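Here is the structure we will look at.
All of the numbers you see were taken from the coordinates with simple rules; none came from a lab. The model shown is predicted, which means the values in this text are computed figures rather than measured ones. Glycine also receives a Cβ, built like all others from the backbone with ideal geometry; neighbour counts cover every protein chain displayed.
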Amino acid sequence: MVSAIVSYAFEAIQDCAQENKVSLMKISTSLIFSRTGADKNSKCAIACVMERFYLIMGDQVETAMLAEVINMIPIEALKVPVTQLVNTCGKKGPDKCENASTFIFCLKQNGMTTATKALFRG
């Protein structure tokens, strides 16, 4: 099951990169190293992948779908803060490419802090 999901994800990433005329290297570089965001093609490739996994519908990040995924987290202390993070990062912007990119960069910027605070508060 996991290998099928990974295989589908890799295929989706390749297809979306090709559809948006951007290299996998450019997308990954944007996601990993950029502090200001990605170029339009990379943003749209990210949105495309999120669409393939039903994480963005129309122009909006599908926070309800993500809530179902969050409920599967086995660590109770993470559920509420991760839900809050998803809701904060899932704000609607001008278009699906911008929304997807903003969401991913928000998660990247705030995710580790949120998880660390949730796990080690006491």
Hits in the stretch 77-117 - residues which are assigned to a helix (DSSP H, G or I) and either of a type in the set (Ser, Thr, Tyr) or in contact with a Phe, Trp or Tyr (Cβ under 8 Å, 6 or more places away or on another chain) (or both):
83, 88, 89, 101, 102, 113, 114, 116
Lone unmet requirement of (1) buried (at least 16 other Cβ atoms within 10 Å of the Cβ); (2) within 29 Å of residue 40 (Cβ to Cβ) for residue 109
(1)
Only one residue in 69, 61, 82 is touching a residue at least 40 places away in the same chain (Cβ under 8 Å), under 18 Å from residue 108 (Cβ atoms) and of a type in the set (A, V, I, L, M, F, W, C). Which one?
61
